[in-house]
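Participant: One structure is given below, represented as C-alpha cells, and several questions about it will come after.
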Amino acid sequence: AALLVAWLCIVVCRSRAVFITSSTVAVAILAANYNSRAWLEQPFEVHFFFGLALCYAAQRVLCGDGRPASSHWLPSLVLTLTSAGIFYGDYTHTTYLAHLILDSSGVIIGASSMAQSALSTRAPSTAALVQRVRQLTDPACLAAVGFVFLKHIHKGHMMPTGVVSIANLYHSSIAYAMLALAGTALMSSFVHAAVGHERRDVELCVLMRRLAAFAWMFPGLVLIHMACVLHVRFFPGGGNLHDHWAAIKIFSTNEEGMCLYLAQVVLVDALLVSLLVLTAPPVTTTDGENAGTTTAGARVAPMEAPEEPGGGEKASLFMKPQQDERNSFLFF
C-alpha cells in the first residue's frame, strides 16, 4: 500500500525529490525481491510499469492540444526499450502471439512518441508529420491491446466450470477500458480538428481533454490495482489481498469483487484527474486577444519553432505547454 501511494504521488506531484525518492525506494524493493520472489510475484513489475505509463500519458494528454501528446524523449525511450525487451523474452521463450502483439503495440507507441519529441526542435515539419500519423496508429495500437485482453487466458487462471478467474475478470475489464480509450483518443482528435486547434481553449475541447485523461488513466489504475491485489503476497503462506478478502466474505463471487474493484478505480481516477486539473501550474498563452493564463486542460501556448521556407504554417502544427520548468511533471 505504501509503495502504491508513493508511486501515485508521481501523478499529482511535480516535485523532483518525490520522483527520485519514490523511484529509488521502488527499485530497491524490486531488486531485493527479484531473486527470492519473497513477496512479489513475477507479473507485478510488468503490470505496474505499464499502468504507470498510462497514468503518465493521462497527464500529457491533459496538458496537450488534442493531438497525440509526446513527452521528453527519455520516458518514451524507457517505454520503447522495456517493450522491446519483453518482446524479445516472449519471442525466445514462449512465442505467445498475444504477448507479442501487446509488446509490439508498446514499441510502436513509445518509438513514435520518442521520434516526435526528438524531431520537434530539429525538424518541426517531420515531427508534425509523425504526430499526424500517430492520430491513427495510437488508437489502433490501443484497440489491438484491448482485443487481445478481451479473451486473454493463462493456463494458471483456469478454474472449475462455472467459476470465473479473477485474473480473467481483470483482463476483460482492461480490454473494455482499452477499447474505450482508443475510441476516446480518436474522438479527441476529431473534436479538436473540427473546432480548430487554435481554439483549443473552447469549453468543449477542455472537457474533451479531461475525458481523454480520465480514459488514459483508468486502464492504468486497473493494471496497478491488479498488480497490488493479485501479485503481492501480503499474508503468511503467500496469500494475496483478493484471497484474504474472499476468505472474510467481503464479496460472495469473483464477479462481485471485480465490480467493487472497478468502483474503487473509478473514484480514484476521478480524484487524480481532478487533482491534476486543480494543481497544475498556470499555462500561459500569447494568442492575441485570448492571451492569459489558465490551468492544465485549458489553453496551451504554441511552441516556438523555426519557420519553414514559404511561410510559418507548418511550424504552427506543433504545440507545447508553456510551464515553469521547476514545476514540470516528472521534471521532464
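Participant: Determine the share of region 41-110's accessible area contributed by carbon and sulfur atoms, expressed in whole percent, with a 1.4 angstrom probe. Spell out each step's value before the answer.
Facilitator: Details: 2210 of 3020 Å².
Looking at region 41-110 in its full context, I get 73 percent from C and S.
Participant: Tell me, what is the FRET efficiency for residue 137 and residue 256 to the nearest 0.05, using R0 = 41 angstrom and their Cβ-Cβ distance as r?
Facilitator: Computed FRET efficiency for residue 137 and residue 256 comes out at 0.60.
Participant: Distance in nm between label sites at residue 42 and residue 194, each 7 Å beyond Cα in the beta-carbon direction?
Facilitator: Label at residue 42, label at residue 194, 4.8 nm between them.
Participant: Separate question: May I ask you to compute the full-extension gain from residue 266 to residue 123, defined as 0.36 nm times their residue separation minus their alpha-carbon distance, rounded to one decimal in nm? Write down the numbers at each step before the final one.
Facilitator: Numbers: separation 143, 0.36 × 143 = 51.48 nm, distance 4.01 nm.
Between residue 266 and residue 123, full extension yields an extra 47.5 nm.
Participant: With a cut-off of at most 10 other beta carbons within 10 Å, and DSSP calling the residue loop, which trypsin sites (Lys or Arg not before Pro) in region 64-144 qualify? Please list them. Numbers along the way, then the final one.
Facilitator: Numbers: sites: 122, 132, 134; in loops: 122.
Counting only loop positions with at most 10 other Cβ atoms within 10 Å, the trypsin sites (Lys or Arg not before Pro) in region 64-144 are 122.
Participant: In nanometres, what is the gap between the two model label sites at residue 245 and residue 84, each 7 Å from Cα along Cα-to-Cβ?
Facilitator: 3.8
Participant: Further question: Quick one: ranking 198, 41 by accessible area, 1.4 Å probe, largest first, what do you get? Don't jump to the answer; show the numbers that get you there.
Facilitator: On the way: 198 115, 41 45 Å².
Listed by decreasing accessible area, they come as 198, 41.
The values are calculated or read from the model by the stated rules, or taken from the named source; none is laboratory data. Given the structure is predicted, the values throughout are model-derived calculations rather than measurements. Note: ideal-geometry Cβ built from the backbone for every residue, glycine included; neighbour counts use all protein chains shown. SASA here: full protein model, heavy atoms, side chains in, ligands and nucleic acids out. Shrake-Rupley method; radii C 1.70, N 1.55, O 1.52, S 1.80 Å.
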